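Input: a single structure, listed below in structure tokens.
The values are calculated or read from the model by the stated rules, or taken from the named source; none is laboratory data. Just so it is clear, the model here is predicted, and its values are computed rather than measured. Cβ sites come from the backbone with ideal geometry, for glycine too, and all protein chains shown count toward neighbours.
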Protein chains: 2
Amino acid sequence: MREGPEIARIAALVADPVRSAMLLALMDGRALTATELASVGGITKQTASSHLAKLVESEVLVADAQGRHRYFRLAGSHVAALLEALMVFSSDAVPPLRTGPKDLTLRKARICYDHLAGEKGVMLYDRMLEEGWLGRDLDVTDKGWTKLAVLGLQQGDLPSSNRPLCRACLDWSQRRHHLAGRLGKAVLDRILAVSWARRLPASRVIVFHPEGERRFGEWLR
Amino acid sequence: MREGPEIARIAALVADPVRSAMLLALMDGRALTATELASVGGITKQTASSHLAKLVESEVLVADAQGRHRYFRLAGSHVAALLEALMVFSSDAVPPLRTGPKDLTLRKARICYDHLAGEKGVMLYDRMLEEGWLGRDLDVTDKGWTKLAVLGLQQGDLPSSNRPLCRACLDWSQRRHHLAGRLGKAVLDRILAVSWARRLPASRVIVFHPEGERRFGEWLR
DNA sequence: CTCATGGTTCGACGCTAATCGAACCATCCC
DNA sequence: GGGATGGTTCGATTAGCGTCGAACCATGAG
């Protein structure tokens, strides 16, 4: 009676149909707003707010405040593992949800302020973390500097300023983080400089050349 | 809203503190009676009966009726996986529960009707399944007959009768299945015949000789 | 500044489900 | 057979929580 309550408390969070629908919608790693999640659950935003507060409080979700929006995502892979363990009991698919731009080129790669966003930007950020180019605090590791040197980026080349070197920026089409900060800008600059990709005039679209896309992928291993 | 309910339904079963305590008590693979589980949950047997009916209905638990007792155990490893996924959120230990005979020799190995029970019996049964001596329907495989031949058991030696060749019998100290049926009897007979162990006079205790215990373990790989 | 929109807080309502007492059925032991 | 024990069913009570309306705060656009 003393050991059960804790797992029961977590299970209770998933036990509500609305909350479980919200969690399933986040299974692919995206981050959604409170209003979108309310729509997913088919409830009003007051109720959604109450649900989300509970999930954040118990660290099942984490929230990123961005302007007047709050983006919610799963707190980690252990949450996804829990949901998968539940799905075993009755095979479910993750629910589709149209979101973001229709324009496929925009979705694939584009400029976000001054750095790379879209699928390619998310891929860059994910790999840098996976491969250990970045540490947990978003500090660049020795391995990271070695790989960045391949692109022609030296540690001394990056002007120091108030702006952080690395920052995680939330992507509005992918709804996942990508690399921002001074390094984010520098990497995009180099990618354009070595002609792996080019920027369409008067547009935010970044177009990778076939050969450049291949090299980009190789560079990330 | 159509995909969430199913996982919510399962989560709701674990969400009750009493039910989760019951499930945790079964995490080690034992089977417990309804009354014992009522005690684990600190509730009356009526309430426990209601909880257990729900868990069986949803195939989270399975029940073995044995005389006037009903033994409940987890329906499979996927249930244990679910509980483990929940325990990640707050490290819990599996609760201890004293059960069964105090007598250590009885607990280790004894005769159950005419076959081997206790730790050694459970070990025999588990290994036969793990190593593929027995198929899913408790049929003896070719590999099984090969290994049984080492003990001097030929397929033709086992007299055919109404009694099933292999049966899973629930152990009252280990609370887990062990091998019964004609094969269960035959194996115990051979173990005694080759003097790996002997039966204490006027007792159900089976005592393994040190050398016999070693060979028994080797035989099971 | 004003309006629109995203999000939260508060309070009241209503439904679901856990709980136990009482009665009942089944099995085992003597 | 009769008594004891394990387990289930039924019904009534109670408590918790999901829900939404209404009001409120914060941010962004014009």
So which residues in segment B:177-221 are in contact with a Lys or Arg (Cβ under 6 Å, 6 or more places away or on another chain) and under 19 Å from residue B:133 (Cα atoms)? B:180, B:181, B:182, B:220
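Among the residues of segment B:36-46 satisfying the criterion of being away from chain A (no Cβ under 13 Å) and surrounded by 13 or more Cβ atoms within 10 Å (Cβ to Cβ), which is farthest from DNA strand C (Cβ to nearest atom)?
B:36
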Cross-chain or 6+ apart pairs with Cβ under 7 Å, segment B:62-76 first and free of Cβ contacts under 8 Å to residues at least 24 places away in the same chain, then within 16 Å of DNA strand C (Cβ to nearest atom) and basic (Lys, Arg): B:63/B:70
Quick one: residue A:104 ticks every box in (1) of a type outside the set (Ser, Thr, Tyr); (2) in contact with a Leu (Cβ under 6 Å, 6 or more places away or on another chain); (3) at pLDDT below 75 bar one, so which box is it? (2)
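Test residue A:21 against the criterion of being facing chain B (nearest Cβ under 8 Å), of a type in the set (A, V, I, L, M), within 14 Å of DNA strand C (Cβ to nearest atom) and surrounded by 20 or more Cβ atoms within 10 Å (Cβ to Cβ), and give yes or no.
No.
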Would you tally the residues in segment A:116-142 being outside any loop (DSSP other than H, G, I, E, B) and either within 13 Å of the chain's Cα centre (by Cα) or closer than 22 Å to residue A:214 by Cβ (or both)? 15
Subset of segment A:24-35 [surrounded by 16 or more Cβ atoms within 10 Å (Cβ to Cβ) and within 10 Å of DNA strand C (Cβ to nearest atom)]: A:32, A:33, A:34
Looking at residue B:6, is it facing chain A (nearest Cβ under 10 Å) and assigned to a loop (DSSP other than H, G, I, E, B)? no
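Suppose we filter B:203, B:161, B:173 for residues that are over 18 Å from residue B:117 (Cα atoms), at pLDDT below 90 and hydroxyl-bearing (Ser, Thr, Tyr); which single one remains?
The conditions single out B:161.
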Of all residues in segment A:9-18 being outside any loop (DSSP other than H, G, I, E, B) and without any contact (Cβ under 8 Å) to a residue 60 or more places away in the chain, the one that is surrounded by the most Cβ atoms within 10 Å (Cβ to Cβ): A:11
Every residue in segment A:47-91 that is part of a helix (DSSP H, G or I) and within 16 Å of DNA strand C (Cβ to nearest atom), please. A:47, A:48, A:49, A:50, A:51, A:52, A:53, A:54, A:55, A:56, A:57
Any residue at all in segment B:63-83 that is within 22 Å of the chain's Cα centre (by Cα), within 30 Å of residue A:38 (Cα to Cα), crowded, with 20+ Cβ neighbours inside 10 Å and not hydroxyl-bearing (Ser, Thr, Tyr)? yes
Within segment B:63-83, residues in contact with a helix residue (DSSP H, G or I) (Cβ under 8 Å, 6 or more places away or on another chain) and within 14 Å of chain A (Cβ to nearest Cβ) come out as B:74, B:78, B:79, B:81, B:82, B:83
